[in-house]
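Undergrad: Dropping a structure here in structure tokens format, bear with me for questions.
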Amino acid sequence: MTVDVRPVVIAFDGSGESEAALRSAAALFRDRLLVIVSVWEPGLAMAMMSSPDSTGMSFPPPTPEQIVAVDRAQQDHASSAAESGVQIVRELGGTAEALPVPEDLNIAEALVSIADERDAAAIVVGSRGLGAVKSRLMGSVSRKVLHDTRRPVLVVRAPD
């Protein structure tokens, strides 16, 4: 009998929902490498500052230095979140690797792509439980992951 040693990809942003998913994955997949993925959005400063606000007023475009500073802060936050996820897994007796990644298209597609690249045994995501209306308006990473992959997906809701 062959032992399946493929890793498990886990979405982690430091929220309570993602921590619940991380802890569940650490318990369920104790003997596997857990790849802790934290996604950051390059160009966020440009998108936020160049969009009109609720009054219809636009802001001047950010300087190149401001864009670099916001991108660096986003990347640092993603790296820190992924490393804190690794620390939680290690405290629970598991093995983990931090993987902060820039979001090219959307978070769900990034997770599915990483799972495919790593030939992951499963993908684990937390669920915020936004409800049908908010989820449709804002999107649902868990729903998109379920739709876009053929790999097993574990969706974990944080305790109320």
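Undergrad: Mind giving me the FRET efficiency for Leu92 and Asp119? R0 is 22 Å, r the Cβ-Cβ distance, nearest 0.05 is fine. Please report the intermediate quantities before stating the final value.
TA: Values: r = 24 Å, r/R0 = 1.09.
Calculated value: 0.35.
Undergrad: Sticking with this structure for a sec: What full-extension length gain, to one decimal in nm, is calculated for Met1 and Asp31 as 0.36 nm per residue of separation minus the Cα-Cα distance?
TA: Values: separation 30, 0.36 × 30 = 10.80 nm, distance 1.63 nm.
That works out to 9.2 nm of additional length.
Undergrad: Using Cα-Cα distances under 8 Å and only pairs 6 or more residues apart, what relative contact order does segment 73-127 have, in percent? It would help to have the intermediate numbers written out before the result.
TA: Numbers: 26 pairs, mean separation 13.9, N = 55.
About 25 percent, as a whole number.
Undergrad: Once you have the Cα-Cα distance between Ala73 and Ala20, take 0.36 nm times their residue separation minus that, and quote the gain in nm to one decimal.
TA: Residue separation times 0.36 nm, minus the Cα-Cα distance, leaves 16.6 nm.
Undergrad: Here's a follow-up. Please list, ordered by chain and number, the residues whose modelled amide H lies under 5 Å from the amide H of Val156; skip anything fewer than 5 residues away on the same chain.
TA: HN-HN under 5 Å from Val156: Val125, Gly126, Ser127.
Undergrad: If we restrict to alpha carbons, what Rg and Dmax does segment 63-105 come to, in Å?
TA: Cα radius of gyration and Dmax of segment 63-105 are 13.5, 45 Å respectively.
Only the coordinates and a few stated rules stand behind these numbers; no lab work does. Note that this is a predicted model, so its numbers are computed, not measured. Because the Cβ atoms are built from the backbone with ideal geometry, glycine has one as well, and the counts that use them run over all protein chains shown.
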